[in-house]
């Protein structure tokens, strides 16, 4: 299955302020569209290190000595930059969330509109599929996941219905459980919200993002650029807190005189 065109390509390149001899990170390689455009603008001494845990993306690796693909997610940014001799870089780009390529693949189980296995793993070769995660999660934890990660209305009732229907092994089975709630008029977005919430939990997306964002600060050179595309409020809040305040909790550190100490100019 082909990948869609990279999102906001021109804007990302502009914000990165690429230097021909710079070292850059594409933290979400995917189809490689952003990476190709970056490498095209690098000189012979420039370098791009890309990250992606999805085996589907690895087939898109660039055949270029200036390019390195790390087959892990960006939670491991700091570790692999050091391993590749680039503890600090000139710019980092990240396009967060699930890709359209993954959503449009029924066998990956990300989308409620396609029938397929209830998987949802960003890396289908590692970790627990959603079907197993649901079998093991407790009711209170599932309520919390639905409320926090999906903004689901009546999370207690939805969680109870899901757990009563276990085991669930396909997207269609989970969708069928949600059907009575969706028919009540206002909950037409419920299946998408539930699938999003379960996906985020299965892939530990918020935990992974927190580690990545925290590690971006020491991984950037003075004057380096961090460019992040986010698509829902959970991601957006974290990114904005880091960029504006230098901390994920939104409370900037202060010096002895009470002045804010922030690492980024926004």
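Throughout, read-outs are computed from the coordinates displayed, never taken from laboratory work. Being a predicted model, the structure only gives us computed values, none of them experimental. Note: ideal-geometry Cβ built from the backbone for every residue, glycine included; neighbour counts use all protein chains shown.
Tabulated data for the structure shown
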item	result
Correct choice for Rg/Rh (Cα atoms, Kirkwood Rh) that was computed from the model, options [x] 1.04; [y] 0.98; [z] 1.01	[z]
Simple spin-label estimate for residue 173 and residue 148 in nanometres, 7 Å along Cα-Cβ	2.7 nm
Cα long-axis angle, helix 139-150 against the chain (0 to 90 degrees, to the nearest 10)	50 degrees
C-alpha long axis of helix 233-245 to longest principal axis of the chain, angle in °	30 degrees
Fraction of beta bridges assigned by DSSP in the chain that are antiparallel (%, nearest 5)	15 percent
Volume per residue that the Cα convex hull of region 123-202 spans, once the total is divided by residue count, Å³	81 Å³
Proxy reagent accessibility, fewest Cβ within 10 Å first, across 131, 35, 230	230, 131, 35
Computed helical MRE - 222 nm, the chain, DSSP H runs ≥ 4 contributing -39500 (n - 2.57), nearest 500	-12000 deg cm²/dmol
Calculated FRET value between residue 7 and residue 166, using beta carbons and R₀ = 30 Å, to 0.05	0.25
Residue-span extension gain [residue 135 to residue 72] - 0.36 nm each, minus C-alpha spacing	20.0 nm
Fewest-first ranking of 72, 231, using other Cβ atoms within 10 Å as the exposure measure	231, 72
Segment residue 14-residue 253, length gained on full extension (0.36 nm per residue, minus Cα span)	83.1 nm
Residue order, fewest to most surrounding Cβ atoms within 10 angstrom, among 77, 234	234, 77
Between helix 205-219 and the chain: long-axis angle, C-alpha atoms, 0 to 90°, nearest 10	10 degrees
